[in-house]
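Below: the structure, in structure tokens.
The values are calculated or read from the model by the stated rules, or taken from the named source; none is laboratory data. Everything numeric in this text was worked out from a predicted model, so none of it was measured. Note: ideal-geometry Cβ built from the backbone for every residue, glycine included; neighbour counts use all protein chains shown. Please note that ligands, DNA and RNA were not included when accessible areas were found on the heavy atoms of the full protein model with its side chains. Shrake-Rupley method; radii C 1.70, N 1.55, O 1.52, S 1.80 Å.
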Amino acid sequence: DNILNPGETWTYTATGTATQGQYTNTGTATATYQTQTLTDTDPSHYLGISGMVTIDGWQAKNKDLTFTLTSDHTQPLGIAAIDLSWPNATNGNLTKIRLDNVVIWNGSAAGPSITVTWDVDNPQVLAQSTQSLRFTFRNRPIADPASVPYTLTITFTDGSQISTVTTAP
């Protein structure tokens, strides 16, 4: 009868293809009965991400802890922040972070953790490929990451994150 009666439910659906980037949609319903109009809205959001980044492994050698990152994004992806936690400060100061062989942070962090951030307009860039993210410690070789876990979290400029904890292979 094309009239929504009390207790009756009408369901409307729509389909579409998710696109890359932040998306906001607001569904609106309006009903009129005699002289009264009622309106209700319902917002929905998603963040569409093209491709993905994985942490495929790690290796501890001398004073370096190296993680292997693989990206299948179709465009380079900006790194907004890197968080690394290590077992305790006696493992030595962190002195460098390299993405492949490019130093992206240089300093001295006593730990046991560090967060390095970059301006979103000038982030470090992860290309579509396999790259090494290497952390160098100054004072002594790092503790065995297989028995004493390290935690790595990378935040990208699109809001996505990846994280891993080192464990025995």
Checklist entry - How many residues are part of a strand (DSSP E or B) and more than 13 Å from residue 154 (Cα to Cα) when one looks only at the stretch 98-131? => result 12
Checklist outcome for this item: Filter the stretch 54-85 for residues that are touching a Pro at 6+ places or on another chain (Cβ under 7 Å) and assigned to a loop (DSSP other than H, G, I, E, B); the one that is nearest to residue 136 (Cα to Cα) is 63
Item to check | Evaluation of residue 102 against (1) out of contact with any strand residue (DSSP E or B) (no Cβ under 6 Å at 6 or more places or on another chain); (2) over 21 Å from residue 132 (Cβ atoms); (3) β-branched (Val, Ile, Thr); (4) modelled with pLDDT of 85 or more (one fails), failing number | outcome: (2)
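Tell me the residue from 64, 72 that is among the acidic types (Asp, Glu), surrounded by 11 or more Cβ atoms within 10 Å (Cβ to Cβ) and at pLDDT below 85, please. Walk me through how you get there before you give the answer.
Values: 64 fails: at pLDDT below 85.
Within the list 64, 72, the selection yields 72.
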Next on the checklist: Can you tell me how many residues within the stretch 20-49 are open to solvent by 80 Å² or more (accessible area, probe 1.4 Å) and not in a strand (DSSP E or B)?
Outcome noted: 3
Checklist entry - When you look at residue 88, is it out of contact with any Leu (no Cβ under 9 Å at 6 or more places or on another chain) and at pLDDT 80 or above, yes or no? => result no
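What number of residues within the stretch 92-117 satisfy the criterion of being hydrophobic (A, V, I, L, M, F, W, C) and open to solvent by less than 30 Å² (accessible area, probe 1.4 Å)? Before the answer, list the steps.
Filtering the stretch 92-117 down to residues hydrophobic (A, V, I, L, M, F, W, C) leaves 94, 97, 99, 102-105, 109-110, 114, 116.
Subsequent filtering for residues that are open to solvent by less than 30 Å² (accessible area, probe 1.4 Å) retains 94, 97, 99, 104, 109, 114, 116.
Total satisfying the criteria: 7.
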Checklist outcome for this item: If we keep only residues of the stretch 50-61 that are loosely packed, with under 15 Cβ neighbours inside 10 Å and closer than 29 Å to residue 15 by Cβ, then the residue modelled with the highest pLDDT is 52
